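Data first, discussion second: the structure below is written as structure tokens.
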Number of protein chains: 2
Amino acid sequence: MTSAAPSLDVTEDRKAQAKAWFEKLRDDICAAFERLEDDFQGVEGQTLHELPPGRFERTPWSRSKEGETADPDGPNLKGGGVMSVMRGRVFEKVGVNVSAVYGTFSKEFSKQIPGAAEDPTFWASGISLVAHMQSPKVPAVHMNTRHIVTTKAWFGGGADLTPMKPNEADTKAFHARFKEACDAHGADYYERFKKWCDEYFFLPHRGEPRGVGGIFYDYLDQDWEADFAFTQDVGRAFLDVYPRLVAEHMHEPWTAEDREHQMVRRGRYVEFNLLHDRGTKFGLMTGGNTEAILMSMPPMAKWP
Amino acid sequence: MTSAAPSLDVTEDRKAQAKAWFEKLRDDICAAFERLEDDFQGVEGQTLHELPPGRFERTPWSRSKEGETADPDGPNLKGGGVMSVMRGRVFEKVGVNVSAVYGTFSKEFSKQIPGAAEDPTFWASGISLVAHMQSPKVPAVHMNTRHIVTTKAWFGGGADLTPMKPNEADTKAFHARFKEACDAHGADYYERFKKWCDEYFFLPHRGEPRGVGGIFYDYLDQDWEADFAFTQDVGRAFLDVYPRLVAEHMHEPWTAEDREHQMVRRGRYVEFNLLHDRGTKFGLMTGGNTEAILMSMPPMAKWP
């Protein structure tokens with residue numbers, strides 16, 4: 001930590017601000033995605049236009065007693081969240097989760113978390129989104145930002161794009177928009193966070209990246225106001241760039257072969273999320289909501 | 001270990017015997033599965049009979065230089081194996097791997113392996129099989145037996161059944177056949193190894209078992225000859241019971257709903273293998289062949 005611990009009032013106020021932002025961002029993203037469902041005109045050779053425009057369904061969840069485990073060294077989680085899921089004609093399956101949870105990490109897990117080794121108490125809130133698209137011409141995407149409080153407090157998150165086939169223009173547009181968000185907050189942010197993303201979203205057992213990257217940051221605790229402002233701008237960058245990419249490609253025709261390739265790429269996405277993803281592990285290790293955590297799984301995947 | 005370490009000659013001869021057995025078992029299983037493909041008469045309402053009877057394709061792989069990592073604490077693996085895969089009209093995707101590998105465990109991983117903490121050198125051979133079936137009326141299955149040599153030496157393995165919907169008769173037949181194999185070798189084997197299987201093939205994040213169990217054993221080092229004989233009988237039990245269950249159900253009709261349910265069950269199979277399975281982790285951690293290890297993935301799975 002670069003600054004002294006804030007007073008309890010301030011900490012509580014900050015938690016509330018962060019949580020409110022994640023919820024507002026969720027609302028804005030869901031609205032933008034539903035507009036894309038409305039704007040969809042169909043794809044030549046496909047029957048998707050026969051489906052009604054998709055709408056998000058929200059399912060709140062909460063943990064009280066059942067979050068407590070009998071094991072005193074095990075995780076103990078309270079709080080809750082809201083899962084928003086849409087199965088549409090553009091978005092085959094998209095999940096947007098917001099949650100605010102608190103409790104104690106398991107003894108084992110707390111050793112891995114900054115500020116939790118001595119005191120395993122934590123509070124965490126965030127937004128997490130994964131979109132798997134009907135069209136193999138539209139890239140899949142992931143975005144997540146979060147605020148975590150132990151005896152320390154920090155922001156983390158990022159976004160990364162997974163095109164089914166290489167598309168230089170999409171990759172450039174995605175990176176450019178996050179560079180803009182980064183550059184407004186720290187001269188070295190883009191370079192550092194892009195590199196972190198490339199290193200993180202990599203499947204060592206395949207020797208291949210998950211997608212074309214984006215940005216990834218964690219343990220950001222320079223200055224709370226500035227870090228929060230940056231985290232908000234990351235959300236805004238996502239909200240600006242991804243719907244543009246979807247709109248640009250959603251009416252392009254594709255072949256059965258393209259769709260098969262998409263299913264195989266999704267298999268790699270599953271491998272990454274279950275073998276390597278820290279967010280998935282964090283959620284499952286802290287006794288989080290399995291349905292919400294595994295909402296990132298694609299609707300269908302193949303290992304032919 | 002219950003007995004003194006054998007001489008080098010004896011150890012080498014035992015490795016060769018174990019490897020030869022795993023290869024013979026592979027040949028017998030592949031032949032039995034191909035006979036089922038030949039015997040298939042079709043299913044009412046499905047077009048599977050239009051496909052030709054499936055045949056296994058064998059792909060040998062080996063590691064020499066490329067198994068060595070630059071990291072002196074990293075894994076170092078040599079040797080190789082043969083992947084046998086069939087995509088048929090009864091077996092939608094079945095993989096049978098045999099391998100014999102040797103080298104050194106990574107520093108980190110060696111701490112978890114009996115007899116490897118001081119000396120990370122190992123030799124391992126085994127057979128591993130996962131079958132995902134066209135029909136949701138035919139259970140999926142997994143079987144694996146192996147012989148591992150560090151400064152210690154032991155056998156391990158087992159088999160477990162994953163019906164798509166509960167079927168009491170199948171479950172009974174499967175358990176009865178492995179009980180027979182166990183009872184011939186140790187009075188407490190069946191009870192212990194069945195329990196171990198139930199505990200092992202469990203998805204804690206879902207609070208549900210992967211299937212209906214079977215047997216699972218590891219670190220068996222009572223007496224080499226007896227342990228090897230038991231391991232052979234486990235293979236024979238599998239070869240006897242599973243083809244019978246396939247033959248019994250492969251001509252039964254099913255609905256689109258049954259098939260959807262099968263896809264969701266397969267998603268759970270993926271979750272277990274990537275989140276929890278020790279064999280998958282062992283393979284990926286020792287620098288094994290990713291294609292061979294992930295042959296256990298189903299041809300298609302859904303998370304609707």
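Can you list the lysines whose alpha carbon is less than 21 Å from that of B:K19, not counting same-chain residues fewer than 8 positions off?
Cross-link targets: B:K78, B:K152.
Got the A:E118 label distances to the other copies yet, label 7 Å along Cα→Cβ, in nm, shortest first?
Output for A:E118: 4.0 nm, nearest copy listed first.
Could you quote the convex hull projected area for the protein assembly as shown, Cα atoms only and averaged over all directions, in nm²?
Convex hull of Cα atoms, orientation-averaged projection: 29.2 nm².
In deg cm²/dmol, rounded to 500, what helix-only [θ] at 222 nm does chain B give when every DSSP H run of at least 4 residues adds -39500 (n - 2.57) and the total is split over its residues?
-13000 deg cm²/dmol
Which distances in nm, rounded to one decimal and ordered from shortest, link the label point of B:A173 to the equivalent label points in the other identical copies, with labels set 7 Å from Cα toward Cβ?
Once sorted, the set of distances for B:A173 reads 5.6 nm.
Taking chain A as a Gaussian network, Cα atoms linked when under 10 Å apart, which of A:V43, A:V270, A:V241 shows the biggest mean-square fluctuation?
Among A:V43, A:V270, A:V241, the largest GNM mean-square fluctuation belongs to A:V43.
Which of the lysines could a cross-linker span from B:K24 if the Cα-Cα distance has to be under 19 Å and same-chain partners fewer than 8 positions apart are dropped?
Qualifying lysines at Cα under 19 Å: B:K15.
In chain A, once you exclude exposed GluC sites (Glu not before Pro) (DSSP loop, at most 16 other Cβ within 10 angstrom), what's the longest stretch remaining? Intermediate values should be presented prior to the final figure.
Details: sites that count: A:E44, A:E118.
Result, exposed sites excluded: A:119-304.
What does the charge count around A:A124 come to, taking other residues whose C-beta lies under 11 Å from its C-beta (Lys +1, Arg +1, Asp -1, Glu -1)?
Details: positive: A:K15, A:K19, A:R146; negative: none.
Every neighbour counted, the sum reads +3.
Note down the net charge around B:Q112, summing +1 for each Lys or Arg and -1 for each Asp or Glu among other residues with Cβ under 15 Å from its Cβ.
Working: positive: B:K107, B:K111, B:K152, B:R278, B:K281; negative: A:E108, B:D73, B:E108, B:E118, B:D119, B:D218, B:D277.
That sum, taken over residues with Cβ under 15 Å, equals -2.
Mind pulling the per residue volume of the convex hull built on the Cα atoms of region B:148-270? Å³ is fine.
Taking only Cα atoms, region B:148-270 has a hull volume of 120 Å³ per residue.
Within a Cβ distance under 14 Å of A:A169, other residues only, what is the Lys/Arg minus Asp/Glu net charge?
+1
Would you list, by chain and number, the lysines whose Cα falls below 19 Å from the Cα of B:K195, excluding same-chain residues fewer than 8 positions away?
B:K172, B:K179
Hey, in the GNM for chain A with a 10 angstrom Cα cutoff, which one of A:N144, A:N76, A:N97 fluctuates hardest?
Maximum among the listed residues: A:N76.
Of all the residues in chain B, which one has the C-beta that comes nearest the axis relating B to A, and what is the distance in Å?
It is B:L274, 2, counting Cβ atoms only.
Please state the charge dipole magnitude for region A:8-296, taken about the Cα centre, from unit charges on C-beta atoms (+1 on K and R, -1 on D and E), reported in debye and rounded to the nearest 20.
Dipole of region A:8-296, to the nearest 20 debye: 420 debye.
Which residue, B:D13, B:D28, B:D39, has the most motion in a Gaussian network model of chain B that connects Cα atoms within less than 10 Å?
Maximum fluctuation in the GNM of chain B, among the listed residues, is at B:D13.
Please compute the Kirkwood hydrodynamic radius of region A:73-197 from all pairs of different C-alpha atoms, in Å with one decimal.
About 16.8 Å for region A:73-197.
Per q in 0.13 Å⁻¹, report the Debye log10 I(q)/I(0) for region A:8-296, using one uniform scatterer on each alpha carbon and no solvent.
-0.90
I need two numbers for region A:261-304: Rg to one decimal and Dmax as a whole number, Cα atoms only, in Å.
11.2, 35
Relative contact order, percent, of region A:164-244 when contacts are C-alpha pairs under 8 Å separated by at least 6 residues?
Computed over region A:164-244, the figure is 34 percent.
FYI, it's all coordinate maths here, none of it is from the lab. Note that this is a predicted model, so its numbers are computed, not measured. Every residue, glycine among them, receives a Cβ derived from its backbone with ideal geometry; neighbour counts consider all protein chains shown.
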